[in-house]
């Protein structure tokens, strides 16, 4: 097969896989009420259907990057896709008996584990398939379309739940996963293994337990209370384990995660910007859906349709951001994107107290344009700054920070919203709930401002013109 055809097949396969991973972060929330009624989920069980997936993915994604080095990126991807779609089948077949709650939570953990294996190697495979001059455009497709599926999750979940069954929300992953495996088989990308990539039990346990304890503490803080001994104790354990892990990895000649990569200013800048943006983004998607359905009384399907200004703007701007990155480097599209996104969030926030939809549209469009401009350049630049042998690990670090940022953002912004109103729609007046969600949006905008400050200070002024694996250091342009 011609190399051009091969690389585009790789891109389609990787984009499809990341799309279903991000889709499953938001699609389930809309299907949850129907799922809960049929399976008899407890209040805690409902929370864990959502949290188990994110927790498993956050805890294991850095390990997935290392496994990509050890087993080869293609092999790791195939294992991850297979685990993911088999776990999706299991979710859809959860029995409506006393076993239903434990069944679906366990299946969601397996979904998260499969996603953790796929995510870091998929980005590395896309970067490796394209030349430096084409990576921005390729990653615009990879990251841009995937971000659209993150935002379209509530719409798709509403349509499938209302028209067919909540179970189809999970079964949808099966044909996508099978198609990804077929495309990878046909394209046959190189399955590169890194010599000397060893995985030992102690650092794996330290990393997985540290991330899991930290994420669990943040997830449960809304229930236990931020000042409760359980939250403080679990968070302390997680941070101590992660601190010990980092120290051990710095001293190791063959680290599980090469945290020294964060010592590279250009890579660190991309990671920090992505983490801060994700902090605000997931909470905004969650609370915008709550606002439309609870406060404006929309059905899940209509609420999803009303998210189209955000979705279309992300898709359109992602293509522009990728081409801009290829032409000018990372700073112009990312700083512009964060600035536009911040303006959009502020405009969106000030429209919320009106308890109407039309006034929100300009803010939604600006927010989507900003996110689309910045997402693919930061991902492309982060992986382009490291050698090919380090890309799976670098991708694992990027995705771990993104997962932690999103989880922390939902917890912190959620605590702000609930503290200001006592829970949107939960017995309070709609105006009070709208004001509380507005405050949450301002918190998300503050995270974008921090990303703008960090990006201005740290993002590289150099445009990559050669692959670090193949030649001299990146050349400065302009």
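The values are calculated or read from the model by the stated rules, or taken from the named source; none is laboratory data. Remember, it's a predicted structure, so these values are computed and weren't measured experimentally. Here Cβ is always computed from backbone atoms with ideal geometry, including for glycine, and neighbour counts include all displayed protein chains.
Things worth noting here:
- Candidates are the residues of the stretch 302-328 that are over 30 Å from residue 132 (Cα atoms) and part of a helix (DSSP H, G or I); the one that is modelled with the lowest pLDDT is 304.
- Scope the stretch 67-86; condition at pLDDT 85 or above, crowded, with 22+ Cβ neighbours inside 10 Å and closer than 30 Å to residue 255 by Cα; matching residues: 67, 68, 73, 76, 77, 80, 81, 84
- For the stretch 148-169, filtered to residues that are out of contact with any helix residue (DSSP H, G or I) (no Cβ under 6 Å at 6 or more places or on another chain) and outside any helix (DSSP H, G or I), the residue that is surrounded by the fewest Cβ atoms within 10 Å (Cβ to Cβ) is 164.
- Cβ-Cβ contacts under 6 Å between residues 6 or more apart (or on different chains), taken from a first residue in the stretch 372-391 that is modelled with pLDDT of 90 or more to a second residue that is crowded, with 24+ Cβ neighbours inside 10 Å and part of a loop (DSSP other than H, G, I, E, B), are listed as 377/330; 381/330.
- Qualifying position, being within 19 Å of residue 396 (Cβ to Cβ), touching a helix residue (DSSP H, G or I) at 6+ places or on another chain (Cβ under 7 Å) and touching a residue at least 40 places away in the same chain (Cβ under 8 Å), among 108, 78: 78
- When residue 172 is tested against the conditions (1) surrounded by 16 or more Cβ atoms within 10 Å (Cβ to Cβ); (2) out of contact with any helix residue (DSSP H, G or I) (no Cβ under 6 Å at 6 or more places or on another chain); (3) not assigned by TED's automatic domain parsing to the domain that holds residue 91, the lone failure is (3).
- Filter pass, residue 217 being assigned to a helix (DSSP H, G or I), surrounded by 21 or more Cβ atoms within 10 Å (Cβ to Cβ) and at pLDDT 85 or above: yes
- Residue 98, sole failed condition from (1) part of a helix (DSSP H, G or I); (2) out of contact with any helix residue (DSSP H, G or I) (no Cβ under 6 Å at 6 or more places or on another chain); (3) surrounded by fewer than 18 Cβ atoms within 10 Å (Cβ to Cβ): (1)
- Residue within the stretch 37-48 that is crowded, with 24+ Cβ neighbours inside 10 Å, in the same structural domain as residue 165 (by TED's automatic domain parsing), within 19 Å of the chain's Cα centre (by Cα) and closer than 29 Å to residue 286 by Cβ present: no
- Test for residue 411: is it farther than 28 Å from residue 118 by Cβ, in contact with a helix residue (DSSP H, G or I) (Cβ under 8 Å, 6 or more places away or on another chain), part of a helix (DSSP H, G or I) and at pLDDT below 85: no
- Only one of the numbered conditions (1) surrounded by fewer than 18 Cβ atoms within 10 Å (Cβ to Cβ); (2) touching a helix residue (DSSP H, G or I) at 6+ places or on another chain (Cβ under 6 Å); (3) without any contact (Cβ under 8 Å) to a residue 60 or more places away in the chain is violated by residue 297, and that is (2).
- Some residue of the stretch 179-199 being part of a loop (DSSP other than H, G, I, E, B), farther than 30 Å from residue 257 by Cβ and in the same structural domain as residue 31 (by TED's automatic domain parsing): no
- Some residue of the stretch 279-291 being in a helix (DSSP H, G or I), more than 18 Å from the chain's Cα centre (by Cα) and more than 22 Å from residue 416 (Cβ to Cβ): no
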